[in-house]
Amino acid sequence: MNDSVAGIGARVLRREDFRFIKGRGKYVDDMVLPRQTYAAIVRSPHAHATINSIDSSAASAMPGVVKILTATDFEAFGGVPCGWLVNSQNGDPMVEPKHPILAEGKVRHVGDPIAVVIANTRGQARDAADAVEVDYSALPAVVSMRQAIDNPPAAVHDDAANNVCYDWAIGDKAEVDAAFASAAHVTRLEFTNNRVSPNAMEPRCAIGDYDTSNGDYTLYTTSQNPHVIRLLMGAFVLSIPEHKLRVYSPDVGGGFGSKIYHYAEEAIVTVAAKVLGRPVKWTSDRTEAFISDAHGRDHVTTAELAMDADGKFLGLRCDTLANMGAYLSTFAPCVPTYLHATLLAGQYKTPLIYCNVKAVFTNTVPVDAYRGAGRPEATYLLERVIDKAAREMKLDPAEIRRRNFIQPEDFPYQTPVALVYDIGDYEATLAAALKASDWDGFAARKAEAKSRGKLRGIGLSCYIEACGIAPSAVVGSLGARAGLYEAATIRVNPTGSISVLTGSHSHGQGHETTFAQVVAEQLGQPIDNIDIVHGDTARIPFGMGTYGSRSIAVGGTAIVKAVDKIIAKGKKIAAHLMEASADDVVFENGMFKVAGTDKEIDFGSVALTAYVPHNYPLDEIEPGLEETAFYDPANFTFPAGSYVCEVEIDPETGVVEVCSMHASDDFGEIINPMIVEGQVHGGLVQGIGQALLEQAVYDDNGQLLTASYNDYTMPRADDMPNFTVDHQITACTHNPLGVKGCGEAGAIGSPPAVINAIVDALGEYGVEHIEMPATPRKVWRAIHSAKN
Amino acid sequence: MQSFNYVKPASLADAAAALSGADDGTVLAGGQTLLPTMKARLAAPSDVVDLGGIAELKGISVSGGTVTIGAMTRHADVAGSADVKGAIPALAALAGGIGDQAVRNRGTMGGSVANNDPAADYPAAVLGLGATVKTTSREIAADDFFTGMFETALAEGEIVTSISFPQPEKAAYAKFPNPASRYAMVGVFVAKTASGVRVAVTGAGNGGVFRVPAYEAALSANFSPDAIADGVVSAADMNSDLHADAEYRAHLVGVMARRAVAAAAG
């Protein structure tokens, strides 16, 4: 680490926080364009209904109303596209019904957009939206996935028989069945992975603008990946070529996956801006967010684990129903398949794995990736069934895992579910977690709690994730309709300051700090001389954006590759200036030196020479110092770790208190430990939130009961313990930084640790499982039922 | 929020006039329920009459074993009042546990009691302490004031002006908060007075705040947690929602009552 430049490994305070803490962030909703109008969206109050008529005559006459748009105004355009194709076992492509921008004759979930009212003020638009008269004929709602398949009350889409989108499988079922037939013990668990609402602090917002002088569109939007939106909306929905469409996502207040996707509102404001010749802004309110942002998770799963008499895993057999909601969101089909079933080896040498996934349409908000995306569901499945197996086999939870770990010498390790893990040391993170959590001292703490009338439990979870979603060739073979690489440009300005243009988007991750540290380290330049520029298709060459913990592993590597090109060119310039061979020039701590001599020249002088090429090898190289790299990785990265949770339960009320949560992670090399710890803390809050508090609940009619914070339990600071975290490091083998990614781990590893701890605490009542969220009512019910 | 007329009278008479002259007028106290409801477009009054300018509605006084609190006194003022803490510490503690700091800095006792949200805290204290609600036209005993969910004995245009609480020998409030809203899912106020014990429950009942005569009798004989048990309150009378079914709420009434008694006795 180079201390003088705040390089790799330094706990540099987040440079972006000054503006956030001061309230000077620039979010989309902060923008006010000249002649701006405001859109309010008329949304369906029904889960499933036919639209008989829309009467907007009264609304049109209300004060300030400029325009009202319905589906007929969007007939020229495509539907909202899906970015991933999954094929069924029989080879058929998934059923991919049209997702219209505005409902065409039918609404399929509460919140489905029907009409857009545009007015001079937001209040006028809202008032007039209330006055749009829509006549519906209600249809039966499809809510429960099991019912949707087995006994469908209705068809969400006419072309999806029994509401199945696809019926996919991985693994050889006959081989797995044979392993089960010969097993000494089989553990079985049925459970639901609860549906959650993402709840980014900043609700979504979009402004469309159209320049009548040249036909250029600009979309300002709260996106994690503006280039992807430009591609999806420009190419597939509105047929606007890239050079006529700028997508800009400035400061974005959190995403957690929910701002990856292309949403109808983005197309609505873009189209409306051209229709009106005025900018059109739409800002979601919180309840609108609950009924229009893609939800997460929502799997119903049966998992079976076959073991020999020593607790060695022989086979894993799983069956999952995955809720797609009413339409296919951008990444939805890949979440329960390629981001879930391919992770089912976990940290273990399970030789045979079979997983069947049926994706199901229901009359609910679309479901897509949410922090962890498929990997939390896989980890929860494995770590719950293994914990139950340990209990049944009377093995210590750590011991049964240890007996099945992939060992350091096994890497690279080919799992039976397609992935090849490059490196890891699972014993190291397990040992660290057990030590830090004083696993061996638990009995005394349990006894002390009992003396206070409390039930104390301890739970372990060992997770793995596949991050840095890539390489393109692999994801393409798995159905991705895009490449998954990243791009970066390093622009060294004439005086030696550096602009880093990155395709990764920062919406809470701290890239403006972390990426600058990487460049500072590599170029030996002070961090203050380095700016990270992101979020604007007009400024950034290209980008696939931020999700799947890919920013440092993929985006960071693209930056490193571009800096490598800068250094290579700089060496040629320096060699010319020092009258040496470029092969003899080395670059260290910001200085170009001729090896074995005292000749040296600093980075800034080389930069200036590149832009003032009076003495310059123009016959060999061009002036200027700007380089671009596209990086497409060789493999996923595989962060892993062990989490230990301790809880105390009040048996009278069922209240669960999380007493401690320890995370031992292996993220490979770490750029900024403070930011990594913050990422883990945030992930833990969301993971504990899912385990104890959060659930998006629909009633039988498809009404979302949890459409405000009065009913949706967001985690709060006082729900959380003080976290302890540590890091073990095995460096990723296939990127130059040795990094793996850390953004989702906390949300992946913690839910099963919490539930395992609760089940452990309730052991004396014979409770084998409790569904997430483990609310006081459910925990009390489990105790109460056992007592009676 | 839809458009409305806003008036801020300086006297109760002007407030009454403003209300009677309005199409669909409503009184604004602290606004902690009304304003979010209006913002969500669930209420759209034609006129909002803000009581914040009426000085006589604010303040706390203690005399002759009675604590009198003006209707527009904020929760934070009750929670922080040395007079209330000295006379009825359970009431100050209850006020300090309402909502969050921002709510306590705006919300008022009169607003809470007049709204009679079935999950609000103050109704439990008013009923549990046997308080008297004073209005622009009369005095109403707590037992007659709360008539059902969001329903009170207040007539059209009648405004709560103050509430008088007799000082008990001992009292405590135990609340089980709703995990999401942090309103009372079950809140039990227990007061031991010279004339016996009163037990009032908020959050749980499907008719709003209610008393538990069986507990009151048992505790009047023996003021100890052991004197009361589960099963006294019928699940049939309890609310049921996604956070707590009726049986769980009925059970929690017993748990919270015992905890309130233990806190009061301790």
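Read-outs: derived from the displayed coordinates by stated rules, not from any lab. Owing to the predicted nature of the structure, the values given are computational and were not obtained by experimental measurement. Every residue, glycine among them, receives a Cβ derived from its backbone with ideal geometry; neighbour counts consider all protein chains shown.
Counted over the stretch A:477-590, the DSSP beta bridges are approximately 55% antiparallel. Close amide H contacts of B:M238 (hydrogens built in the peptide plane, cut-off under 5 Å, sequence separation of 5 or more or a different chain): B:N206. Since only A:A443, A:C355, A:A580 are under comparison, the one whose Cα sits farthest along the positive direction of the charge dipole of chain A, derived from C-beta charges on Lys, Arg, Asp and Glu, is A:A443.
For the stretch B:111-118, backbone phi angles converted through the Karplus equation (6.51, -1.76, 1.60; θ = phi - 60°) give residue-by-residue couplings of x, 5, 5, 5, 6, 6, 4, x Hz, Gly and Pro being listed as x. A full extension of the chain between A:S60 and A:Y611 corresponds to an added length of 192.5 nm, given 0.36 nm per residue minus the alpha carbon distance.
Sort A:E669, A:E377 by Cβ crowding within 10 Å, fewest neighbours at the top. Provide the component values of the computation, followed by the final result.
Working: A:E669 18, A:E377 27.
Ranking A:E669, A:E377 by Cβ neighbours within 10 Å, fewest first, gives A:E669, A:E377.
The lysines whose alpha-carbon is closer than 17 Å to the alpha-carbon of B:K58, local same-chain residues fewer than 8 away aside, are B:K8, B:K134. Rounded to the nearest 20, the Cβ-based charge dipole of the protein assembly as shown about its Cα centre (Lys and Arg +1, Asp and Glu -1) stands at 1460 debye.
First measure r as the distance between the Cβ atoms of A:D319 and A:N120, then evaluate 1/(1 + (r/R0)^6) with R0 = 45 Å and state the FRET efficiency to the nearest 0.05. Mind dumping the intermediate values first?
On the way: r = 54 Å, r/R0 = 1.21.
Step by step, r from the Cβ atoms, then E = 0.25.
Shape call for chain A from the C-alpha gyration tensor, a ≥ b ≥ c root eigenvalues: rounded (a/c under 1.5), prolate (a/b greater than b/c) or oblate? Since a/c reaches 1.5 but b/c is at least a/b, the shape of chain A is classed as oblate.
Please work out how much length the chain gains when fully extended from A:D718 to A:M674, using 0.36 nm per residue of separation minus the C-alpha to C-alpha distance, in nm with one decimal. Don't skip to the answer; put the middle values down first.
Details: separation 44, 0.36 × 44 = 15.84 nm, distance 2.19 nm.
Stretched fully, the A:D718-A:M674 segment lengthens by 13.6 nm.
Ignoring everything except DSSP H segments at least 4 long, calculate the 222 nm mean residue ellipticity for chain B; use -39,500 (n - 2.57) per segment, divide by total residues, nearest 500. Display every interim value, and only then the final one.
Working: 11 runs with 86 residues, N = 266.
It lands at -8500 deg cm²/dmol.
Convert 4 °C to kelvin, take the viscosity as 1.567 mPa s, use the Kirkwood radius over C-alpha pairs of chain B as Rh, and evaluate the Stokes-Einstein diffusion coefficient in µm²/s, rounded to a whole number. Rounded, D is 69 µm²/s.
In sequence order, the stretch A:766-773 has phi-based couplings of x, 6, 9, 7, 9, 7, 7, x Hz under the Karplus curve 6.51 cos²θ - 1.76 cosθ + 1.60, θ = phi - 60°, and Gly or Pro positions carry x. Per the Kirkwood formula applied to alpha carbons, the stretch A:613-738 shows a radius of gyration over Rh ratio, Rg over Rh, of 1.24. Excluding residues on the same chain fewer than 8 positions from A:K454, give the aspartates and glutamates whose Cα lies under 17 Å from its Cα. Partners found: A:E646, A:E648, A:D650, A:E652, A:E657, A:D760, A:E764.
In this structure, A:R539 and A:Q36 have a Cβ-Cβ separation that, at R0 = 22 Å, corresponds to a calculated FRET efficiency of about 0.45.
Here's the picture: charge each Lys and Arg Cβ at +1 and each Asp and Glu Cβ at -1 in the stretch B:59-166, and of B:V84, B:F146, B:I163 the one pushed furthest to the positive end of that dipole is B:V84.
Residues whose amide H lies under 5 Å from that of A:D726, counting only those 5 or more places away or on a different chain, are A:A663, A:S664, A:D665; hydrogens are built 1.01 Å from N in the peptide plane. Taking the Cα centroid of the stretch A:388-420 and of the stretch A:237-270, what is the distance between the two, rounded to the nearest whole Å? For the stretch A:388-420 versus the stretch A:237-270, the Cα centre distance is 42 Å. Given +1 at the Cβ of Lys and Arg, -1 at the Cβ of Asp and Glu and no other charges, the dipole of the stretch B:59-166 around its Cα centre is 360 debye to the nearest 20. Shown in residue order for the stretch A:469-482 are the 3J(HN,Hα) couplings computed by the Karplus curve 6.51 cos²θ - 1.76 cosθ + 1.60 at θ = phi - 60°: 2, 3, x, 4, 4, 6, 5, x, 5, 9, x, 5, 9, 8 Hz (x for Gly and Pro). In terms of other Cβ atoms within 10 Å, A:T70, A:T513, B:T147 run from fewest to most in the order B:T147, A:T70, A:T513. Here the scattering of the stretch B:170-265 is modelled by Debye summation over its C-alpha atoms, one equal scatterer each and no solvent; at q = 0.16, 0.18 Å⁻¹ the log10 of I(q)/I(0) is -0.56, -0.71.
Once R0 is set to 45 Å, what does the formula 1/(1 + (r/R0)^6) return for the Cβ-Cβ distance between A:K173 and A:F442, expressed as a FRET efficiency to the nearest 0.05? Show your work: numbers first, answer last.
Numbers: r = 40 Å, r/R0 = 0.88.
About 0.70, to the nearest 0.05.
Cross-link list A:K98/A:K281; A:K26/B:K39; A:K561/A:K740; A:K106/A:K281; A:K571/A:K599: which exceed 20 angstrom alpha carbon to alpha carbon? Exceeds cut-off: A:K98/A:K281; A:K26/B:K39; A:K106/A:K281.
Listed by chain and number, the lysines whose alpha-carbon sits under 18 Å from that of A:K244, ignoring those within fewer than 8 places in the same chain, are A:K274. Near A:L85: Cβ cut-off under 14 Å, other residues only, Lys/Arg at +1 and Asp/Glu at -1. The net charge is -1. Classify the stretch B:5-50: rounded, prolate or oblate, from the alpha-carbon gyration tensor (a ≥ b ≥ c, eigenvalue square roots; a/c under 1.5 rounded; otherwise prolate if a/b is larger than b/c)? Oblate.
Grab the DSSP H runs of chain A that are 4 residues or longer, score each as -39,500 (n - 2.57), total them, divide by all residues and round the 222 nm result to the nearest 500 deg cm²/dmol. If you can, show how the numbers build up before the last one.
Values: 19 runs with 204 residues, N = 788.
One gets -8000 deg cm²/dmol as the mean residue ellipticity at 222 nm.
Which of rounded, prolate or oblate describes the stretch A:581-653 when judged by the alpha-carbon gyration tensor and an a/c cut-off of 1.5? It comes out prolate by the Cα gyration axes.
Using a simple charge model, +1 on the beta-carbon of Lys and Arg, -1 on the beta-carbon of Asp and Glu, nothing else, what dipole does the stretch B:5-50 show about its Cα centre, in debye to the nearest 20? Working shown, then result.
On the way: 3 positive and 5 negative charges, 45 e Å.
Roughly 220 debye, rounded to the nearest 20.
For A:V66, nonlocal amide neighbours, meaning residues 5 or more places apart or on other chains whose placed amide H falls under 5 Å from its own, are A:I118, A:A119, A:N120.
When the stretch B:170-265 is described by a simple charge dipole with +1 on each Lys and Arg Cβ and -1 on each Asp and Glu Cβ, the residue from B:T202, B:A172, B:Y248 located farthest towards its positive end is B:A172. Global size of the stretch A:315-452: 18.1, 53 Å for Rg and Dmax (C-alpha atoms, Rg to one decimal, Dmax whole). Shown for chain A: cysteine residues without a partner Cβ closer than 4.7 Å, namely A:C82, A:C165, A:C205, A:C334, A:C462, A:C467, A:C645, A:C659, A:C732, A:C742.
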